[in-house]
Amino acid sequence: MKIEQRQVEAFLKKPDPKIRGVVVYGNDDGLVAERAVALAKTVCEDLKDPFRVVDIAGDVLKADPARLADEFSALSMMGGRRVIRVRPAGEESAAALENLAAASVGDALVVIEGGNLTPRSSLRTLAETEDCLAALPCYMDSEAALEGLVESAARTRGLGVDPDALDWIVERLGGDRGQSRSEVDKLLLYKGSDGTKTVSLGDALAVLGDTAAIGIDDVVAATFDGELIALDRALDRVFAEGGNPVQLVRALQRHVDQLHLVAGHAAKGGNLEGAMFKARGLPRGGPVRQRFERHLRAWPLKRLSDALQAILKAEQECKSTGYPDEAIARRICLALASSARTAKARR
């Protein structure tokens, strides 16, 4: 069963009792993690409970595909329903998911955190087509979703947000839910200590400043603009602040995915504005939109396809070669930026 966007909130609060396994996937790692936690907590509020919560890595299921069904059927020693968390997971978990769907007894809830699964993914297809399974997509937040995130978080603390402050915050935040929530929480923590009830533009400038804009987004911008000096500075800052190299590589992938979607639509004679609307998380205007359009002009479809293959290879190398992740992330950024710089010099 595929969970439609309009069904998500209700499903997260009360999953259908006939569903035994949920594959949570998409290009927003933060939102995948957030929704997976929300689902798990519908079964057991304390996710550190050793009797009711089991954590399994996807590669473990590759070696032992029967284990997921076994865990689903097992009873808690202390009573109560159990939750089985599988993370991270990919195609290696598909056989285990088939066994789960075929299991005869059990009442645990299995929550699988997948990556950016394609429509051809066996894991995703199983979850979408089996009646006892569900597929929950998580894509980067749109401008409207970010506004809702900020206002909802402020309301829970008894605060309001000035319209100009809201516009500025949304423009500065990226599409990744985890990063966005972290920035918003930081702002509201600061605001809760000053005694006033409304977040102003001055508050947002004081707390967030450039920190939401400088970082991974700046690495992506410099990479696809071919600005080698700016790229070097942005990479140094990201890693000095403890940035995750794999998350950085995935940010490159998300950007290429969006560019490829729009460029492919335009290449088939489609309406460019319509294709831009499909690029999730892309603002209607402002510098982020302008940057996207600039990259769209500079990166033709063939080079985007080549870039995507190189990025996917880099992520695989981060997970399998044993080489330092930071070095691999820097190398792919430099390679793409050099390609952009060379192409720019030819124009």
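The values are calculated or read from the model by the stated rules, or taken from the named source; none is laboratory data. Just so it is clear, the structure is predicted and the values come from calculations on it, not from any experiment. Glycine gets a Cβ as well: all are built from the backbone with ideal geometry, and neighbour counts include every protein chain shown. To get the accessible areas, we keep the full protein, side chains included, count just its heavy atoms, and leave off ligands, DNA and RNA. Shrake-Rupley method; radii C 1.70, N 1.55, O 1.52, S 1.80 Å.
Here the 3J(HN,Hα) profile of region 119-128, calculated from phi with Karplus coefficients 6.51, -1.76 and 1.60 at θ = phi - 60°, is x, 8, 4, 5, 4, 5, 4, 4, 5, 7 Hz, Gly and Pro shown as x.
The angle between the Cα long axis of helix 29-41 and the main principal axis of the chain comes to about 20°, on a 0 to 90 degree scale. Cross-link reach is defined here as a Cα-Cα straight distance under 17 Å, omitting same-chain residues fewer than 8 places apart; for Lys197 the aspartates and glutamates meeting it are Glu151, Asp162, Asp164, Asp185.
In a DSSP loop and with at most 13 other Cβ atoms within 10 Å, the GluC sites (Glu not before Pro) in region 24-118 are Glu45.
When the label point is put 7 Å from the Cα of Lys268 along its Cα-to-beta-carbon vector, which residues of region 10-32 have a backbone N closer than 15 Å? Once the point is set 7 Å along Cα→Cβ of Lys268, nothing inside region 10-32 turns out to lie under 15 Å by backbone N. If you plug the beta carbon distance of Tyr323 and Ala63 into 1/(1 + (r/R0)^6) with R0 = 22 Å, you get a FRET efficiency near 0.35.
Probing with 1.4 Å while keeping every protein chain in the model, the per residue accessible area of the chain equals 49 Å². Once divided by 2.2 N^0.38 Å, the Cα radius of gyration of the chain becomes 1.06.
Cross-link reach is defined here as a Cα-Cα straight distance under 13 Å, omitting same-chain residues fewer than 8 places apart; for Lys268 none of the aspartates and glutamates meet it. In summary, the lysines within cross-link reach of Lys48, defined as a Cα separation below 30 angstrom excluding same-chain residues under 8 places away, comprise Lys2, Lys13, Lys14, Lys18, Lys62, Lys186, Lys319. Could you list the trypsin sites (Lys or Arg not before Pro) in region 44-86 that lie in coil according to DSSP, counting only those with at most 16 other Cβ atoms within 10 Å of their Cβ? Within region 44-86, the qualifying trypsin sites (Lys or Arg not before Pro) (loop, at most 16 other Cβ atoms within 10 Å) are Lys48, Arg81. Summarising the amide proton neighbourhood of Val111: residues at separation of 5 or more, or on other chains, whose placed amide H is nearer than 5 Å comprise Val22, Ile84, Arg85, Val86. Our summary gives the chain a relative contact order of 16 percent, counting only alpha carbon pairs under 8 angstrom and 6 or more residues apart. Using amide H atoms built 1.01 Å from N in the peptide plane, name the residues 5+ places from Gly160, or on other chains, whose amide H lies under 5 Å from its own. Under 5 Å from the amide H of Gly160: Thr198, Val199. Label zone (Thr342, point 7 Å along Cα-to-C-beta; backbone nitrogen cut-off 16 Å) within region 290-315: 299-300, 302-311. For the pair Ser305 and Asp70, what calculated FRET efficiency results from E = 1/(1 + (r/R0)^6), where r is the Cβ-Cβ distance and R0 = 41 Å, to the nearest 0.05? Given R0 = 41 Å and the Cβ-Cβ separation, E is 0.50.
With K and R counted +1 and D and E -1, the other residues having a Cβ less than 13 Å from that of Asp236 yield a net charge of -1. For Lys2, the residues whose amide H sits under 5 Å from its own are Ala135, ignoring neighbours fewer than 5 places away on the same chain, with H placed 1.01 Å from N. Among the trypsin sites (Lys or Arg not before Pro) in region 176-260, those located in a DSSP loop and surrounded by at most 16 other Cβ atoms within 10 Å of their own Cβ are Lys197. Phi-derived couplings, Karplus 6.51 cos²θ - 1.76 cosθ + 1.60 at θ = phi - 60°, listed residue by residue for region 161-166: 10, 4, x, 5, 5, 4 Hz, with x used for Gly and Pro.
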